[in-house]
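J.: Dropping the structure in here first, questions after.
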Amino acid sequence: MHKIGLHTKVKSSSRDHDHPCNFLSKHQKQNERKLVPMAHHQLIDSLTSHISLYHSQSPNPNPNPNPNPRSSILKWFSSLSIHQRQAYLTVVDGNFVQILLQMLAKLRSHGHGSFILLPDLPMPNNLPTLCFKKSRGLIARVAESETAGRAVFESARLFESREGEEAANSLPPSARRLDALTLAEGFVGNVDQFVEAMDRISGGGFLRGEEAELGEDWVELHWLKAKGYYGIEAFIANRMEVSMRLAWLNCCGGKKRGVKLKEKMSAAGVGVNVFWRKKGCVDWWANLDAGTRRKIFTTFIMKAAKPLVNLLNF
């Protein structure tokens, strides 16, 4: 009889290999190998999120000593009426709104999270790839208490830019979609509060310094790039700043650098026209008396019901 020591080699039998404990051990090791990379990625994501949160809560130690064109843009913006501010902030961009709706769908189905857009990796529908990361723990709690982001998010107003046009009315419902965004009167009415919210979201980067990429598609301003993953409110604020800069260049005779920038400035002008047309329709309806509204409703209902009556008679 041999005493089995720590270094004794034991010859295994086929029965040993079939033992349930050995089977479980083998699969546990396989699962562990699969879980290690997953845990590693989750750790990196968590560290990235917390570092981003730390920087967003810390004042910028090296603010731009020359805030222009910030002061010039804000002076111009403050001189506008509330509805003029809304008009210049209006964006008509179907692809942008579709990405916004994708973000909203993710948040509704998964809870709070952050995103990053990858324009270099387009999807089959030619939209950029949208990556989502769910917020947990401290990140989620801070996001829930962030009033500036909530103010921007809740002030967003989506609508269809071509609604009411004869050409648009002839399109099938599947071809019609929301493609325009503006901000609510209450949010842009007080410029100081508007700027405070935008500064909070951007970490003090709102309208700071020159931006050389305004003519590009899917522009990410320097402060948005610095965030890595960002919330839907930052995505909206980024686009609002781009709109403000383009509108200011249009109105104040800024340098028009390149064909792409001219195209973007022209597109910004389209957004202004769309807003005023939409506002004109809303104001016209609001100014009608109750009797006139009733007559209009009756006329449209009768017109819509006529084909149905003809079909039933047939």
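The values are calculated or read from the model by the stated rules, or taken from the named source; none is laboratory data. Given the structure is predicted, the values throughout are model-derived calculations rather than measurements. We place every Cβ from the backbone using ideal geometry, glycine too, and count neighbours over all the protein chains shown.
J.: If residue 284 passes every condition in (1) free of Cβ contacts under 8 Å to residues at least 12 places away in the same chain; (2) assigned to a loop (DSSP other than H, G, I, E, B) but one, which one does it miss?
T.: Just one mismatch for residue 284, condition (2).
J.: Just name the residue that is surrounded by the fewest Cβ atoms within 10 Å (Cβ to Cβ) out of those in region 210-243 that are of a type in the set (A, V, I, L, M) and part of a helix (DSSP H, G or I).
T.: Per the criteria, the residue is 226.
J.: For the structure I just gave you, tell me whether residue 263 is out of contact with any helix residue (DSSP H, G or I) (no Cβ under 9 Å at 6 or more places or on another chain), assigned to a helix (DSSP H, G or I) and of a type outside the set (Val, Ile, Thr).
T.: Considered against the rule, which asks whether it is out of contact with any helix residue (DSSP H, G or I) (no Cβ under 9 Å at 6 or more places or on another chain), assigned to a helix (DSSP H, G or I) and of a type outside the set (Val, Ile, Thr), residue 263 comes out as yes.
J.: Oh, and also: Please state which one of 167, 143 is modelled with pLDDT under 90, crowded, with 16+ Cβ neighbours inside 10 Å and more than 12 Å from residue 237 (Cα to Cα).
T.: Result: 143 is the single residue among 167, 143 that is modelled with pLDDT under 90, crowded, with 16+ Cβ neighbours inside 10 Å and more than 12 Å from residue 237 (Cα to Cα).
J.: I've got another one for you. Looking at 207, 246, which is the one that is buried (at least 20 other Cβ atoms within 10 Å of the Cβ), in contact (Cβ under 8 Å) with a residue 24 or more places away in the chain and not in a helix (DSSP H, G or I)?
T.: When all the criteria are applied, what remains is 207.
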